Structure formats: C-alpha cells, structure tokens
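A.B. asks: Mind looking over this structure? Questions follow.
Just so it is clear, none of the values below were taken in a lab; they were calculated from the coordinates. A quick note: this is a predicted structure, and the numbers were derived from the prediction, not measured. Using ideal geometry, Cβ is built from the backbone for each residue, glycine included, and neighbour counts are taken over all protein chains shown.
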Amino acid sequence: MKNSDNKNCLSNSVKIFFTINILFILLFSIASVKAQWEYLGNPDFTVQYAGYPNLVFKDDTAFVAFNDGAHGSKPSVMKYNGTSWVYVGAPGFSPRISKYISLAFDGDTPYVCFGDFDITLEQLSPSVKKFNGTNWIDVGTQRFSPGNNTFQSMVIIDHIPYVAFTRNTFRVEVKKFDGSNWVNAGISDPSAGGATYPVLATNGSTLYVSYLDYANNGRTVRKLDGMNWVNVGSPGFETGFKPHSFALSNDTPYVAYIDQLYGDHISVKKFNGTDWVNVGIHGFTNNISQYPSIAFNGSVPYVSFIEYIWLNVNNFCSSVMKFDGLNWIDVGSRGFSPVSSYQKMRLITGRLMLYSGMTKIVTAVQL
C-alpha cells in the first residue's frame with residue numbers, strides 16, 4: 001500500500017465501538033484526480049449501537065436493516081429519503097433481541113429476517129416480518145425453527161420468501177413460506193454434512209446457496225432443481241473456512257473469499273458452466289483482508305474488503321477494487337474509511353453503495 005494510503009488509515013485512532021458506515025460512489029471515469037469520499041446525508045444518523053446491518057436498494061432508494069441499540073437491540077429499518085435517514089415504520093419492531101439480520105423486497109414490500117433471541121432459552125431462532133405500509137407484521141410463526149439457529153440469509157422469488165440458516169446440528173437448512181407455514185425447500189437439506197455460513201442468491205428464478213462445507217473441506221455451491229439440491233461444480237471447490245460473499249451476475253455465480261493459501265488476501269472465482277475458475281490472480285489485495293463483499297456493474301465485478309495494516313497497533317481500513325478484464329484495480333482511494341467491518345456492497349443504476357464498520361453509530365459517506 002502507498003504511504004499516503006497508510007497515513008489516511010493512521011490519521012484515525014482505532015475505535016472500539018460498533019458502527020456502520022454507508023458509502024456511496026458515482027461510477028464515472030476518473031482521469032487524473034481521484035474523487036474524495038464525503039457523507040451521504042447526516043453523519044452518525046443512528047443514536048446508539050447498530051449491529052448486523054444489511055443494505056438493499058429498492059429502485060434508487062437505499063434501505064438498511066440493523067440491530068438497533070437505541071431500541072433494545074431489536075431490529076429496525078431505515079431508508080435514505082434524499083436528504084436524511086428515516087425509520088420505516090416503528091423502530092425496534094420485534095419483542096426480542098435480534099441478530100444476523102437479512103433484508104429483501106417483494107415488489108415494494110420490505111421483508112426482514114433475523115435471529116430472534118429467546119433470553120430464557122438462550123437460543124436464536126429465525127423470524128420474518130414484513131412492512132404492510134403501517135406496521136411490521138409476522139410472516140408465519142415467530143421463531144419457526146426450534147433449537148439454536150444462526151447466520152440467517154433471505155431472498156424472495158416469485159413472492160415466496162426463502163430463508164437459509166445454520167442449525168444447532170451444524171447443518172445448513174433452507175425453508176420457504178408457503179402462505180401459511182415455513183416448510184422445507186427441497187426434499188432434504190442442501191448440506192450433506194457439517195456446514196455453516198449459508199448465503200442465498202437468485203437470478204430471479206433459481207435459488208442458489210453457498211456455504212462452508214466441513215464434509216468436503218471447503219466452499220460448496222448448490223442450486224434447487226425442482227425439489228432436489230444439485231451441485232454447482234465440485235463440492236468443496238476452494239479450501240478454507242472463513243466467511244465469504246456470494247452473488248450472481250446474470251446466471252453466473254461468483255464467490256469472493258479470504259484465500260488462506262495466499263496469506264488471507266482476497267480471491268474471486270466464478271463458475272463457467274463446468275468448473276470454478278479464477279477471476280484475475282489469487283490474493284490480489286495488498287494486505288491481510290477480511291469481510292469481502294461482491295457486487296456488479298453490468299458484468300464488471302467489484303469487491304469491497306477490510307485491509308489490516310500492522311504498525312504498532314491494528315489499523316482497519318475499507319477499500320474497493322474492480323476487475324477490468326485483466327487486473328483488479330482500485331476504485332477511488334485505498335483505505336478511505338478507517339476502522340471498518342461487516343462490509344456489504346450494492347450497485348444500482350450506475351451507483352455503488354458500500355456500508356461497513358463496527359461502532360456505536362451509523363455513518364453514511366459518498367464519493
């Protein structure tokens with residue numbers, strides 16, 4: 001990393017709170033001068049801790065769902081209305097603490113899936129709510145899977161919400177809502193053995209799930225064909241057991257992951273119809289990296305990530321790179337946001353938005 005990038009990161013002392021930074025960048029040609037990051041709306045627009053955030057675009061509007069420390073660590077949703085961030089419905093709309101929040105839309109209707117924590121049982125179980133224009137209402141039974149369940153992920157296909165999660169038996173399970181109840185998606189679980197960190201994705205018609213596959217010592221992607229889960233390429237196609245990002249560009253699945261064979265730098269693979277192949281070189285980031293998130297502008301993949309810079313103390317900075325067909329190149333300045341975590345990235349109508357971070361408040365930034 002360049003010295004100027006290090007100074008940018010080091011100019012901010014390490015923070016110990018949890019935060020979200022929502023970042024926005026216009027995708028245009030920068031000839032000689034890199035654009036600078038600036039706030040989107042008012043900075044620090046939440047009052048207290050904001051955890052497990054999930055960002056989704058609906059048309060041109062950004063929505064973020066999160067665990068709201070100002071409202072009992074229960075789920076809340078906010079949207080950017082063009083001038084400020086405002087709550088969608090009542091904040092803290094669940095009776096219990098939430099974790100692992102996922103946000104999706106069915107038309108204009110937002111749905112939120114979250115780990116619903118029963119303090120008496122000390123167990124998480126998935127619940128789903130939707131906004132009816134006035135209130136957040138239950139979609140089926142609350143805490144619809146017994147036992148302790150973590151790492152929820154949700155997508156909606158043809159008005160049907162699908163939820164993936166890790167059971168307390170360390171198996172990945174996928175459920176769908178049939179209009180009355182949450183039932184199995186497929187005749188069996190997608191994972192044949194121990195698995196965790198499921199991520200759902202769809203091209204609008206086919207349901208895909210990726211997960212860390214202990215049985216096959218790596219990452220596996222499967223899709224639902226009728227009632228059967230079938231492999232997308234070889235199971236366990238890449239070794240390692242750290243969280244990853246999974247998304248589709250049209251019908252092509254991509255995985256961005258922490259490559260433990262290349263010093264915990266980021267690598268990206270895509271499925272070419274037969275095999276999982278590299279997109280550019282392995283380990284293309286400059287430093288030890290975590291929390292990759294992949295998104296697309298047309299067919300061009302972008303990856304956001306956290307870089308770790310070791311100089312006396314840990315320094316954590318956000319960076320974004322894109323693949324130009326030959327190489328992974330920087331988007332804007334490296335290390336533009338200090339002390340970041342839990343990154344997610346979305347692209348819509350030529351704009352890229354990234355949220356990241358870990359502190360007590362939510363901040364939005366644009367380039």
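A.B. asks: Rounded to whole Hz and in sequence order, give me ³J(HN,Hα) for the range 260-275 from the Karplus expression 6.51 cos²θ - 1.76 cosθ + 1.60, θ = phi - 60°, writing x for Gly and Pro.
C.D. replies: Result, ordered by residue: 6, 7, 10, x, 6, 8, 8, 10, 10, 10, 10, 9, 8, x, 10, 9 Hz.
A.B. asks: I've got another one for you. Just want the answer: with Cβ charges of +1 for Lys and Arg and -1 for Asp and Glu, which residue in V174, S145, F131 is farthest toward the dipole's positive end in the range 116-176?
C.D. replies: V174
A.B. asks: When L103, L121 are ordered from fewest to most other Cβ atoms inside 10 Å of their Cβ, what list results?
C.D. replies: Result, fewest neighbours first: L121, L103.
A.B. asks: List, in the order given, every pair from K74/K322; K74/K242; K99/K269; K130/K322 whose Cα-Cα distance in the structure shown is over 32 Å.
C.D. replies: Beyond 32 Å between Cα atoms: K74/K322; K130/K322.
A.B. asks: Same structure again: Once amide H atoms are placed 1.01 Å from N in the peptide plane, what residues at a sequence separation of 5 or more from V174, or on another chain, have their amide H within under 5 Å of its amide H?
C.D. replies: Residues meeting the amide H criterion: A185.
A.B. asks: Given the C-alpha atoms of the range 97-187, compute the convex hull and give its volume per residue in Å³. Working shown, then result.
C.D. replies: Numbers: hull volume 8.3 nm³, N = 91.
Taking only Cα atoms, the range 97-187 has a hull volume of 91 Å³ per residue.
A.B. asks: Excluding M321 itself, calculate the net charge of residues whose Cβ lies under 11 Å from the Cβ of M321, where each Lys or Arg counts +1 and each Asp or Glu counts -1.
C.D. replies: With Lys, Arg at +1 and Asp, Glu at -1, the neighbours total -1.
A.B. asks: Sticking with this structure for a sec: Given H placed 1.01 Å from N in the peptide plane, which residues other than close sequence neighbours of I97 have an amide H under 5 Å from its amide H?
C.D. replies: Close amide H contacts, sequence-distant or interchain: F117.
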